[in-house]
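Novice: Sharing a structure below in structure tokens format, with a few things to ask.
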Amino acid sequence: MFVAWHPGATQAADLADLMFRELCADPEYPARRGLGIPVRFRTAASPDEAPAPVPFGKSRRTVVFVLADDQLVASTHWRQYCAELVAQAGDSDLVVPVAISDCANLPPAFRQLQAIRLDRTPSELHQDVLMRDVLHDLCKCLDPQGTKVKVFLSHAKSDGLAIMGAVRAQLHDEDRLDDFFDAADIPDGVRFGEFIIAAAGSTHALLAIQTDTYGSREWCRIEVLEAKRHGVPIVVLAAVERGEARAFPYMGNVPVIRWRGPETATAVAGGVLREVLRARYFPLRVESLCRLHGLDAQRQVIPHPPELLTALTMRGGSAVNGVGGHLLYPDPPLGAEELAVLAELDPDLRPVTPTGLLTI
């Protein structure tokens, strides 16, 4: 993935830095669990120069985001550079303009391309909107024939219905994640229990709206368990107000977003899309690493750190196609204390990250 911007564009430089930290790794927090997507910058030392070309064709898919502000669209060098990007991109590649200035002023080569519209977005929402749309584009790039990301909205009706409605309405309005699902969508005459269990274990992601009564509701617990058993990415929207008598233990080991009102919806969408992208990208990354270093790629791969439920699900079946019990999960590695607990349940399970795999 590449990010291009005019060297005089301070806001664009800040957005490029955000994209690197969110998609690749955060240099300030090296232990943070990033996505590990290679992000390369394309800018120039002087406003009178164009940056280095993008090496289309060197990767399975190449995506270029061009952060276009007034300085970029006014530059002859950059307008030509944008035209070259569009002309050189292959059928499996993607060039996405990000309109920081008026979309009508984009370089001619971008006029026929759908742009991420920051020009009509309040400045305080630029980062959330940009990351939401970038994550959506990358998810789509890894599943070009797929439908829009479909998310199961898991909530307790007694105190979570209003938040669910606000989240759903906002996300529908944003036209990025408008295929959300909740129990109200069950067709008439269908056995709702079977339908809910099947849906929770087969959608692209599950958003658990954690309110005061969520952990006490049987169906909420069932939905989380089904999602975890089937490897469905989970994000928790923390909306507890007074407290919980008992926190549901299987809602751990997943990202948590704090509910601050309807304005949180864009960040919620980005959080969900980040986990969907992780689930789609990490197995491909492992496959590429194994191929590059001549390692056996026939290993069990999960896009999240293992936990006791993971070990229980895999117990007795740790070996995959004759390979030992190596279970590959994203860096950074778990601490020795967590690994010791997993080993108590299944001594044959050997969790390892890609970095650790290279040392075996």
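Quick note: the coordinates plus some simple rules give every number you see, no bench work behind them. Please read these numbers as outputs of a predicted model, since none were measured by experiment. As a convention, Cβ positions derive from the backbone with ideal geometry for all residues, glycine included, and neighbour counts pool all protein chains shown.
Novice: Once the piece of chain linking L358 and E244 is laid out straight, how much longer is it, given 0.36 nm per residue of separation minus the C-alpha distance between them?
Specialist: 36.7 nm
Novice: With label points built 7 Å along Cα→Cβ from the Cα atoms of Q88 and R229, find their separation and express it in nm.
Specialist: The modelled label-to-label distance comes out at 5.1 nm.
Novice: Can you give me the distance in nm between label points at S123 and D143, each placed 7 Å from the Cα along the Cα-to-Cβ direction?
Specialist: 3.7
Novice: Same structure again: Quick one: 3J(HN,Hα) in Hz for the stretch 123-139, Karplus 6.51/-1.76/1.60 with θ = phi - 60°, rounded, Gly and Pro as x.
Specialist: Taking θ as phi minus 60°, the curve returns 4, 6, 9, 4, 5, 5, 5, 4, 5, 4, 6, 5, 4, 4, 5, 5, 4 Hz for the stretch 123-139.
Novice: In degrees between 0 and 90, to the nearest 10, how far off the longest principal axis of the chain does helix 265-292 point, with axes built from Cα atoms?
Specialist: 90
Novice: On a 0 to 90 degree scale, rounded to 10, what angle separates helix 157-174 from the longest Cα axis of the chain?
Specialist: 20
Novice: Ranking request for peptides 64-70, 137-143: highest mean number of other beta-carbon atoms within 10 Å first, then the rest in descending order. List each step's numbers first, then the result.
Specialist: Values: 64-70: 24.1, 137-143: 18.7.
Ranking, from highest mean packing down: 64-70, 137-143.
Novice: Quick check on the chain: helices-only [θ] at 222 nm, where DSSP H runs of length 4 and up contribute -39,500 (n - 2.57) each and the sum goes over total residues. Nearest 500, please. Before the final figure, lay out each step's value.
Specialist: Numbers: 11 runs with 136 residues, N = 360.
Calculated from helices alone, the mean residue ellipticity at 222 nm is -12000 deg cm²/dmol.
Novice: Going by amide H atoms built from the backbone, whose H comes under 5 Å of the H on Q300, apart from near neighbours?
Specialist: Amide H to amide H, under 5 Å and 5 or more residues apart or across chains, Q300 pairs with L328.
Novice: Please determine, in degrees from 0 to 90 and to the nearest 10, the orientation of helix 76-88 with respect to the longest principal axis defined by the Cα atoms of the chain, where the helix direction is its Cα long axis.
Specialist: 50
Novice: Relative contact order of the chain, please, whole-number percent, based on alpha carbon pairs below 8 angstrom and at least 6 residues apart.
Specialist: Numbers: 569 pairs, mean separation 40.4, N = 360.
Computed value for the chain: 11 percent relative contact order.
Novice: Another question about this same structure. Count neighbours as other Cβ atoms within 10 Å of each site's Cβ, and list the GluC sites (Glu not before Pro) in the stretch 202-269 that are DSSP loop with at most 10 such neighbours.
Specialist: Numbers: sites: E218, E223, E226, E241, E244, E263; in loops: E241, E244.
Sites meeting the loop and neighbour criteria: E241.
Novice: What do you get for Rg/Rh of the chain when both radii come from the Cα atoms and Rh is the Kirkwood radius?
Specialist: Numbers: Rg = 22.0 Å, Rh = 22.2 Å.
Across the chain, the Cα-based Rg/Rh ratio is 0.99.
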